[in-house]
Amino acid sequence: MAIDGARPGFGELRQNWRILPPCMIGIMLCSTHGYSLGVMIPVLEREMGWARAQTSLGLMIISTIALVAAPLVGLAIDKVGPRRIALAGILVFAFGLAMLSQATSIESWWLLWILLGAGNMLILPTVWTKAINGYFDRNRGIALAIALCGTGIAAAFVPTLTNGLVEHYGWRQAYVGLGVIGAALTFPVTWLLFRMPAEGGKAGAPVETPRQVQGVSAREGFTQPRFLKLAGATLLFSVTICALTTNLVPVLIARDLTPAGAAGIAGLLGLGSITGRIVGGFLLDRFDAAKVAAASTAMPVVTVLLLLAFPGPAVAAVACLILGLAVGTEVDCCAYLAARHFGLKSFGALFGTMNGLMLFGNGIAPVLANHIYDVTKSYDIVLWAQIPACLGTMLLFLLLGPYPDLDADEAPQEDAPQNPALADPATA
């Protein structure tokens, strides 16, 4: 339940709103490859003759890179700041996305995903959420939610945009178009507005310095049981969610929707995601974030049951909206919980590791799901597997316990009681 008197105003948002547009657009860019791939999979199967699992290995390549590189990028963010990393990453990622158009064999397709993965590591949510956590404390949840709406916007528009580009220009020019559009939208805004509080030309003067700038060291954080629980929940939920979101268009086509209809309905995932992020951000600032996260993991179960029991476009639309609500709280909750449980001192390293696990889950999920489809010619097993996976994720979130007292002189203990003086709007 909420703590009395802990309802935050929106003073931080009024002061520091300028940091949010580049973060939102940057997060939108870093998810473009995933939301476009669902449209591309049937096209590449038809035109290039590649099995769906083979095509999906591109995401697994990125996830494997992330498992090693994301923590290292997080360390770099802690040392040099996110601005320079983000600006370089935008250009590398957009170039890599456009270069996918040059694939002539499945081997060259995989090699090009290595380049794309290198750029993706430099624009991960860790880059953008590090800056947001530096500006916001009381309004941190809603600020993260607004910025992370970028994935919802991508989910809403990228499938339809990609499908339109493919229909008019073919899949090769579609990838070139996605890269050019991404760079043109993201780089100028990031150059002008994306700065940390310590750099000159702030986005706005913070209302008050976040209390958790100190936090724990990376070594202390990695050895705490709460980190293992949060990292495990992050990995399991990313596998669960991505098995559906990346393959949502093929899943809907398999349930007798047309490709254009499936792409349009899949876009509702983004609208649900945006709604879920805003509502989730509001709740994160007022309630225990672990309970908010646990509640969100129940939503894919509803989606699965609807898709299995009631095939048809109307029910599919409702199912996608509900799934979007869950997608809308995924990264928000993990980033918020990481900052509240470990502070900002080593946020880049700790959340970067979680982000790497998240991307690893995002990579293996489509490969596993599409391998099951290649063997069974159905996604039903994938859909049923969501139920136990969601229940396991809920349990891990609920086992996190209360927020530690990061203002204490000593490193926080696993069973440290929550300090009401922090005015964190949550109880265990």
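The values are calculated or read from the model by the stated rules, or taken from the named source; none is laboratory data. Bear in mind that the values here come from a model prediction, so they are computed numbers and not experimental data. We place every Cβ from the backbone using ideal geometry, glycine too, and count neighbours over all the protein chains shown. Ligands, DNA and RNA are stripped out before the accessible areas are found, and what is left, the full protein with its side chains, is counted by its heavy atoms. Shrake-Rupley method; radii C 1.70, N 1.55, O 1.52, S 1.80 Å.
Tabulated data
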item: Flag for residue 25 being assigned to a helix (DSSP H, G or I), in contact with a helix residue (DSSP H, G or I) (Cβ under 7 Å, 6 or more places away or on another chain), under 17 Å from residue 246 (Cβ atoms) and aliphatic (A, V, I, L, M); result: no
item: Test set (1) aliphatic (A, V, I, L, M); (2) open to solvent by 10 Å² or more (accessible area, probe 1.4 Å); (3) more than 21 Å from the chain's Cα centre (by Cα) - residue 153 fails condition number; result: (3)
item: Residues located in the stretch 187-200, provided they are open to solvent by 50 Å² or more (accessible area, probe 1.4 Å) and modelled with pLDDT of 65 or more; result: 187, 188, 191, 192, 193, 195
item: Members of the stretch 85-129 that are closer than 16 Å to residue 196 by Cα and either at pLDDT below 90 or surrounded by 24 or more Cβ atoms within 10 Å (Cβ to Cβ) (or both); result: 86, 123, 125, 126, 127, 128, 129
item: Residues located in the stretch 60-105, provided they are in contact with a Phe, Trp or Tyr (Cβ under 6 Å, 6 or more places away or on another chain) and hydroxyl-bearing (Ser, Thr, Tyr); result: 63, 101
item: Members of the stretch 104-146 found to be more than 18 Å from residue 64 (Cα to Cα), part of a loop (DSSP other than H, G, I, E, B) and in contact (Cβ under 8 Å) with a residue 12 or more places away in the chain, listed by number; result: 136, 137, 138, 139
item: Unique residue being open to solvent by 10 Å² or more (accessible area, probe 1.4 Å) and more than 17 Å from the chain's Cα centre (by Cα) when the list is 184, 174; result: 184
item: Whichever residue in the stretch 130-150 is under 14 Å from the mean Cα position of the chain (by Cα) and among the hydrophobic types (A, V, I, L, M, F, W, C) and, among such residues, is surrounded by the fewest Cβ atoms within 10 Å (Cβ to Cβ); result: 146
item: Within the stretch 296-306, tally of residues that are open to solvent by 10 Å² or more (accessible area, probe 1.4 Å) and in a helix (DSSP H, G or I); result: 5
item: Candidate set: the stretch 269-302, residues that are among the β-branched types (Val, Ile, Thr) and under 18 Å from the mean Cα position of the chain (by Cα); chosen: the one nearest to residue 158 (Cα to Cα); result: 274
item: The one condition in (1) in contact with a Leu (Cβ under 8 Å, 6 or more places away or on another chain); (2) assigned to a loop (DSSP other than H, G, I, E, B) that residue 332 fails to fulfil; result: (2)
item: Criterion (at pLDDT 85 or above, among the small types (Gly, Ala, Ser) and crowded, with 21+ Cβ neighbours inside 10 Å) met by exactly one of 233, 243, 203; result: 233
item: The listed residue being over 18 Å from residue 371 (Cβ atoms), within 21 Å of the chain's Cα centre (by Cα) and either open to solvent by less than 20 Å² (accessible area, probe 1.4 Å) or of a type in the set (Gly, Ala, Ser) (or both), out of 82, 21, 71; result: 82
item: Residue tally, condition open to solvent by 10 Å² or more (accessible area, probe 1.4 Å) and of a type in the set (Lys, Arg), over the stretch 321-355; result: 1
item: Residues of the stretch 369-388 that turn out to be surrounded by fewer than 18 Cβ atoms within 10 Å (Cβ to Cβ) and either touching a residue at least 60 places away in the same chain (Cβ under 8 Å) or not hydrophobic (A, V, I, L, M, F, W, C) (or both), as a count; result: 10
item: Test: residue in the stretch 307-320 that is crowded, with 21+ Cβ neighbours inside 10 Å and in contact with a Gly (Cβ under 8 Å, 6 or more places away or on another chain); result: yes
item: Residue, nearest to residue 96 (Cα to Cα), within the stretch 156-168, restricted to residues that are crowded, with 24+ Cβ neighbours inside 10 Å and not hydroxyl-bearing (Ser, Thr, Tyr); result: 158
item: Pairs, first farther than 22 Å from residue 121 by Cα in the stretch 42-68, second at pLDDT 85 or above and in a loop (DSSP other than H, G, I, E, B), C-beta under 6 Å, six or more apart; result: 44/50
item: Close pairs from the stretch 311-336: first under 30 Å from residue 137 (Cβ atoms), partner open to solvent by 10 Å² or more (accessible area, probe 1.4 Å) and not in a helix (DSSP H, G or I), Cβ under 9 Å, at least 6 apart; result: 326/298
